[in-house]
Amino acid sequence: MKRVFSGVQPSGMIHLGNYSAMQNFVKLQEDSNNDCFYCIVDLHSVTVPQDPKVLYENSLELAALYIAIGLDPKKVTLFLQSQVPAHTELAWLLQCNSYMGELNRMTQFKDKSQKMTSVTTGLYTYPILMAADILAYDTNYVPVGDDQKQHLELTRDIALRFNNKFGNTFTVPEGIYPKVGARIMSLDDPTTKMSKSNPNEFSKIGLLETDAKIKKSIMRATTDSDSEIRLDWENKPGVSNLLTLYSVFGNISIKELEEKYKGQGYGNLKKDLVQVIINYIKPIKERYNELRGSDELKEILKEGAMRANEISSDVVKRVKDKMGFVQF
Ligand code: AQP
């Protein structure tokens with residue numbers, strides 16, 4: 001069996017960028033050789049301020065969305081990170097085996113901290129907690145978006161270094177990135193990634209968004225002054241982003257789209273893309289509405305945490321053993 005692990009923060013409504021990465025979660029569950037663990041990484045989300053009531057609701061919303069996008073709790077383990085103590089315990093052990101120089105190079109920390117007046121130490125050590133999440137399950141594959149490449153490389157470095165120092169302990173994981181849509185960009189500024197924390201509501205499209213909001217966000221998306229429809233991230237990032245969204249959610253190649261819209265302005269492309277997105281997320285919204293209030297959700301998370309605890313506590317024991325801790 002190959003172990004798969006990934007997580008999403010309950011820090012706001014999942015947007016099309018997150019979902020682009022999460023499509024691989026669903027694909028990987030269909031291979032019976034994969035044992036998939038998908039986590040709601042609530043401990044990561046408190047590295048920036050969260051309203052407790054909102055965090056609670058967002059966590060359950062994300063659990064329902066995991067299932068609504070097609071994850072089957074009978075095939076995969078779904079759980080809350082804060083329900084599994086191995087994550088924080090291993091994070092501490094790894095913090096004592098990693099270096100400030102490594103964390104100082106992390107671009108996500110630089111980007112996020114620059115926009116803040118006070119920065120928590122948790123935000124700084126966020127990549128080590130992520131390394132712990134992954135390494136605690138002897139993970140082989142990590143399906144994520146392109147923005148997590150640097151964190152995953154750090155995870156691999158930490159695992160290899162630990163193995164060299166203490167003897168073979170960790171499985172060294174590999175990333176799995178979407179072929180198209182590995183980085184969906186903001187609709188208002190296509191040079192930055194689509195992000196939950198962007199205060200401009202028209203910069204992103206959430207999976208539970210109304211049709212009217214989807215239409216408004218796409219129709220006002222930044223493009224450029226010429227009207228040629230082609231993929232060119234350097235000179236035409238706005239149009240390239242729209243083509244990418246169309247390709248991911250319309251299941252059509254970018255080449256075919258360039259051909260289809262040749263000689264037409266951006267208006268038609270945008271109008272059709274609105275419909276493609278609305279049609280794609282309609283069944284997700286319907287399934288979500290059925291699930292959100294059900295008691296079944298908490299049961300699924302409880303069972304998931306039990307299984308996650310079983311696997312990860314063994315890995316932590318192994319690590320503590322190697323480091324010389326007395327265990328009974
Ligand atoms: N724009 C994106 N395009 C493709 N994939 C993306 N991911 C995030 N943004 C994009 C991928 O989504 C998964 C879950 O992300 P997350 O919630 O853990 O991380 P994040 O990067 O913090 O998400 P946001 O939306 O950008 O939140 P904020 O605003 O809080 O920083 C990951 O696999 C990630 O790669």
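A compact table of results
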{"read-out": "All positions within the range 164-185 that are crowded, with 20+ Cβ neighbours inside 10 Å and in a helix (DSSP H, G or I)", "value": "none"}
{"read-out": "From the options Asn58, Asn33, Asn18, Asn24, residue that is modelled with pLDDT of 95 or more and away from the ligand (no atom under 14 Å from the Cβ)", "value": "Asn33"}
{"read-out": "Of all residues in the range 207-221 being more than 14 Å from Leu242 (Cβ to Cβ) and touching a Lys or Arg at 6+ places or on another chain (Cβ under 8 Å), the one that is surrounded by the most Cβ atoms within 10 Å (Cβ to Cβ)", "value": "Leu207"}
{"read-out": "Matching residues, the range 190-234, being within 15 Å of the ligand (Cβ to nearest atom), outside any helix (DSSP H, G or I) and small (Gly, Ala, Ser)", "value": "Ser195, Ser197, Gly206, Ala221"}
{"read-out": "Filtered residues of the range 274-313 (kept if surrounded by 14 or more Cβ atoms within 10 Å (Cβ to Cβ) and more than 23 Å from the chain's Cα centre (by Cα))", "value": "Val274, Gln275, Ser313"}
{"read-out": "The lone exception for Met130 - which of (1) modelled with pLDDT under 95; (2) within 13 Å of the ligand (Cβ to nearest atom) it fails", "value": "(1)"}
{"read-out": "Within the range 114-129, tally of residues that are in a helix (DSSP H, G or I) and closer than 23 Å to Ile40 by Cα", "value": "9"}
{"read-out": "Residue in the range 214-221 that is among the aliphatic types (A, V, I, L, M) and in the same structural domain as Gln23 (by TED's automatic domain parsing) present", "value": "no"}
{"read-out": "Given (1) more than 16 Å from the ligand (Cβ to nearest atom); (2) surrounded by fewer than 18 Cβ atoms within 10 Å (Cβ to Cβ); (3) at pLDDT 95 or above, index of the condition Ile67 fails", "value": "(2)"}
{"read-out": "Within the range 238-328, helices (runs of 4 or more DSSP H) holding 1 or more residues that are aromatic (Phe, Trp, Tyr)", "value": "266-291"}
{"read-out": "Some residue of the range 149-161 being part of a loop (DSSP other than H, G, I, E, B) and in contact (Cβ under 8 Å) with a residue 60 or more places away in the chain", "value": "no"}
{"read-out": "Hits in the range 243-258 (condition: in contact with a helix residue (DSSP H, G or I) (Cβ under 6 Å, 6 or more places away or on another chain) and without any contact (Cβ under 8 Å) to a residue 40 or more places away in the chain)", "value": "Leu243, Tyr246, Gly250, Leu257"}
{"read-out": "From Phe170, Phe166, residue being at pLDDT 95 or above, away from the ligand (no atom under 12 Å from the Cβ) and closer than 28 Å to Val26 by Cα", "value": "Phe170"}
{"read-out": "Residue list for the range 148-163, filter: within 9 Å of the ligand (Cβ to nearest atom) and surrounded by fewer than 17 Cβ atoms within 10 Å (Cβ to Cβ)", "value": "Lys149"}
{"read-out": "Val54 buried (at least 16 other Cβ atoms within 10 Å of the Cβ) and either of a type outside the set (Ser, Thr, Tyr) or in contact with a His (Cβ under 6 Å, 6 or more places away or on another chain) (or both)", "value": "no"}
{"read-out": "Checking Met219 against (1) within 25 Å of the chain's Cα centre (by Cα); (2) closer than 23 Å to Thr192 by Cα, the condition it does not meet", "value": "(1)"}
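The values are calculated or read from the model by the stated rules, or taken from the named source; none is laboratory data. Treat the numbers as computed from the prediction; the structure is a model and nothing was measured. Cβ atoms come from the backbone with ideal geometry, glycine included; neighbour counts cover every protein chain shown.
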